[in-house]
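Okay, structure first, notes after.
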Number of protein chains: 2
Amino acid sequence: MEVLWRQGKPPNRSETSEISSASRDPMRICVIGCGAVGSLFAAHLAKAGEAEVWAYDVWKGHVDAIRTHGLELSGAENFTVPLHATSDPEQLPRCDYGIVATKAIHTRTAIAQVAAIFDNNSAVCSVQNGVGNEEIIAKYVRFVIRGTTFPAGHAVAPGHVAFDIQGDTWIGPFEPSHTPMTKVVELAGLLTRSGMHTIALQDARGAQWTKLIFNAATNPVGALTSLDHGSATRFGPTGQLFEDLIAEGKAVAEKLGIRLHGDPWAFVEKGANAPGQHRASMLQDVLAQRQTEVDFMNGAIVEWGAKVGVPTPLNLALWTLIKGLEHSWGEPE
Amino acid sequence: MEVLWRQGKPPNRSETSEISSASRDPMRICVIGCGAVGSLFAAHLAKAGEAEVWAYDVWKGHVDAIRTHGLELSGAENFTVPLHATSDPEQLPRCDYGIVATKAIHTRTAIAQVAAIFDNNSAVCSVQNGVGNEEIIAKYVRFVIRGTTFPAGHAVAPGHVAFDIQGDTWIGPFEPSHTPMTKVVELAGLLTRSGMHTIALQDARGAQWTKLIFNAATNPVGALTSLDHGSATRFGPTGQLFEDLIAEGKAVAEKLGIRLHGDPWAFVEKGANAPGQHRASMLQDVLAQRQTEVDFMNGAIVEWGAKVGVPTPLNLALWTLIKGLEHSWGEPE
């Protein structure tokens, strides 16, 4: 088994469940970027115990807290679980799977730091916001999986993440890397059994664009108005702006030939009906004066719209306002 | 003289400068709303000494400071001048002219409080932002003057206002009130001689729409991005958004048959080249979590655009974001 594995023929775990874990190295998964969303994945995978889970993050306070007390989730689920965590790429073992959950603006730096833990049999899946992350990851790793995830949370304290909104994850091969579907199915099974329901798809672009369009509507509006997701959905004017932004994104996707995986508006409503007040991640970024992911969200829609000749004036306006806000942080008072 | 005056035939002061001030009551002017812009007018008029100047404002700290130490301007001009100030409408004498400089959202309340100091010979001029103020004033006062002013400032402390940006003021009869042009000319002369250069026009709508379009571009963008006026103009994306918002406003004005008094963009550049960092009044409002004037700015452009069939999606988006931001202040954390 060990030999086959190293030669590039990993067992299809969904067909080889009878193989004892003692007969081979344990499966190892590294969550790269263990912020709110990364922590949701890391905690569930660690709790399930099917694989050895490593969390990699440059946020040392979070890493130290996880090492000392475990990783705590509260909200939609409540548990604390021990797992490996480090800010030092040298400490990471070779891994079968990677799950990249950094902010899109940090994808390049993060994957470059940990690329050495993946080999030609490993597959690395993005569960990040926006579009364009897989292209970056594929420069460092052979097999890349396109992923989109809807669960949301926020950091409460080092070692403690609030699980605000539950939801599904869709994954599929990143087309240019010809990732075997067996790997996609294996990872989806692992995640689903851990409690993070994941659907394996031959073409995950539709799900990714659905999330992209959802994000490009809800994130900048939340960030600019300080409204939590539910309030912005229910308040007439901003709810209408969500719809108008979504309409632009859908027009671009349609022209690109991408079949959406459900209506983005359904996810707006689902989020609005979730308990608690979830602040869009971009609002969290803005409140902390951190660079946002707007280039990978509204910026991407504007860019693709321009390529295929679909006007996107509202996405451009929202992109502009967020860039202006970021610009303001760089200036002396 | 006194008799003529009370009978509704005021002297045309521009033709009767030989009349000694001792032969009649002194001319009296009340500045209603003595915030940043109102203070600029009140201070200049008081310094010129041609009329008795009263400042009316509900901000008691400011009124008390003016009474004790006079009103101080600093920045583009630097002087301190004594003048009458009160928060009690009962203390105000009958006035020949009123200059309304409150936030547009407070026009109705303010003019209702002081309406009794004006008679059928008085004329009240709005120098406020946006459109729609004159209609409100005309419900309480016979002669109304449509005004638009470009000078800008901000409150530094009670009794002290910074004079950030110098500029002209345009005034003309509010059409439905049939205000005599002699009153417009008299007030313009008084203001100009005081140092606040004012142009009397038969039709002041063009100047007002020029300022409206300027305001509807620069105010919400400044408020949402926290960028001062110069930074927002020079930063490529927000500078372009200014242009796109201005284009919508110009299209509405053109369809309404209003001939603009110069290009709004020229005022954007003038402001950007002014010394210091001027924060748009709407940004000042947002930082203080005060209701903004967006209904009288972008809201008015959207409303007029809808009436004449000119699309204004960007003005609607900016209006929406500001309303969302205001909505966020009303909610518990």
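Structure notes:
- Filter result (open to solvent by 50 Å² or more (accessible area, probe 1.4 Å), more than 19 Å from the chain's Cα centre (by Cα) and within 14 Å of chain B (Cβ to nearest Cβ)) within the stretch A:285-302: A:LEU287, A:GLN289
- Inclusion of B:ILE145 among residues that are farther than 14 Å from B:LEU187 by Cα and either of a type outside the set (A, V, I, L, M, F, W, C) or not assigned by TED's automatic domain parsing to the domain that holds B:ILE258 (or both) is not warranted.
- Any hit, the stretch B:272-284, residues being out of contact with any strand residue (DSSP E or B) (no Cβ under 8 Å at 6 or more places or on another chain) and either within 11 Å of chain A (Cβ to nearest Cβ) or of a type in the set (Ser, Thr, Tyr) (or both): yes
- In the condition set (1) open to solvent by 50 Å² or more (accessible area, probe 1.4 Å); (2) at negative phi, A:GLY257 is compliant with all but (2).
- Which numbered condition A:ASN129 misses (of (1) in a helix (DSSP H, G or I); (2) surrounded by 21 or more Cβ atoms within 10 Å (Cβ to Cβ)): (1)
- Members of the stretch B:239-249 found to be open to solvent by 10 Å² or more (accessible area, probe 1.4 Å) and under 10 Å from B:ILE301 (Cβ atoms), listed by number: B:GLU248
- Per the conditions (1) surrounded by 23 or more Cβ atoms within 10 Å (Cβ to Cβ); (2) modelled with pLDDT under 95; (3) touching a strand residue (DSSP E or B) at 6+ places or on another chain (Cβ under 7 Å), the sole criterion not satisfied by B:PRO151 is (1).
- Some residue of the stretch A:108-127 being hydroxyl-bearing (Ser, Thr, Tyr), free of Cβ contacts under 8 Å to residues at least 12 places away in the same chain and outside the structural domain of A:GLU293 (by TED's automatic domain parsing): yes
- Tallying residues that are out of contact with any Gly (no Cβ under 7 Å at 6 or more places or on another chain) and open to solvent by 10 Å² or more (accessible area, probe 1.4 Å) within the stretch A:201-217 yields 4.
- The residue that is nearest to A:THR109 (Cα to Cα), counting only those in the stretch A:138-182 that are in contact (Cβ under 8 Å) with a residue 60 or more places away in the chain and among the aliphatic types (A, V, I, L, M), is A:ALA155.
- Within the stretch B:221-235, if we keep just the residues that are in contact with a Ser or Thr (Cβ under 9 Å, 6 or more places away or on another chain) and farther than 18 Å from A:GLN289 by Cβ, the residue that is nearest to the other protein chains (Cβ to nearest Cβ) turns out to be B:VAL221.
- Residues satisfying the stated conditions in the stretch B:82-107, i.e. open to solvent by less than 10 Å² (accessible area, probe 1.4 Å) and free of Cβ contacts under 8 Å to residues at least 60 places away in the same chain: B:ALA85, B:THR86, B:THR107
- Scanning the stretch A:110-125 for residues that are in contact with a Pro (Cβ under 8 Å, 6 or more places away or on another chain), open to solvent by 20 Å² or more (accessible area, probe 1.4 Å) and not polar (S, T, N, Q) yields a single hit, A:ALA116.
- Checked against (1) over 21 Å from the mean Cα position of the chain (by Cα); (2) within 27 Å of B:VAL156 (Cβ to Cβ), B:GLY236 passes all but a single condition, namely (2).
- Residue match in the stretch B:62-73 (condition: free of Cβ contacts under 8 Å to residues at least 60 places away in the same chain and either more than 29 Å from B:GLN277 (Cβ to Cβ) or surrounded by 18 or more Cβ atoms within 10 Å (Cβ to Cβ) (or both)): yes
- Within the stretch B:186-228, tally of residues that are touching a strand residue (DSSP E or B) at 6+ places or on another chain (Cβ under 6 Å) and in a helix (DSSP H, G or I): 7
- For the stretch B:311-331, filtering for residues that are more than 7 Å from chain A (Cβ to nearest Cβ), open to solvent by 10 Å² or more (accessible area, probe 1.4 Å) and assigned to a helix (DSSP H, G or I) leaves 4.
- Filter pass, B:LEU40 being at pLDDT 95 or above, in contact with a Pro (Cβ under 7 Å, 6 or more places away or on another chain), buried (at least 24 other Cβ atoms within 10 Å of the Cβ) and not aromatic (Phe, Trp, Tyr): yes
- With respect to the conditions (1) away from chain A (no Cβ under 14 Å); (2) at pLDDT 95 or above; (3) over 15 Å from the mean Cα position of the chain (by Cα), B:ALA188 lacks only one, and its number is (3).
- Filter result for B:PHE242 (touching a Phe, Trp or Tyr at 6+ places or on another chain (Cβ under 9 Å) and within 11 Å of chain A (Cβ to nearest Cβ)): yes
The values are calculated or read from the model by the stated rules, or taken from the named source; none is laboratory data. Fair warning: this is a prediction, and the values are worked out from it, not measured in the lab. Positions of Cβ are generated from backbone atoms using ideal geometry, with glycine treated the same way; all protein chains shown enter the neighbour counts. Side chains included, ligands, DNA and RNA excluded: accessible areas come from the protein's heavy atoms. Shrake-Rupley method; radii C 1.70, N 1.55, O 1.52, S 1.80 Å.
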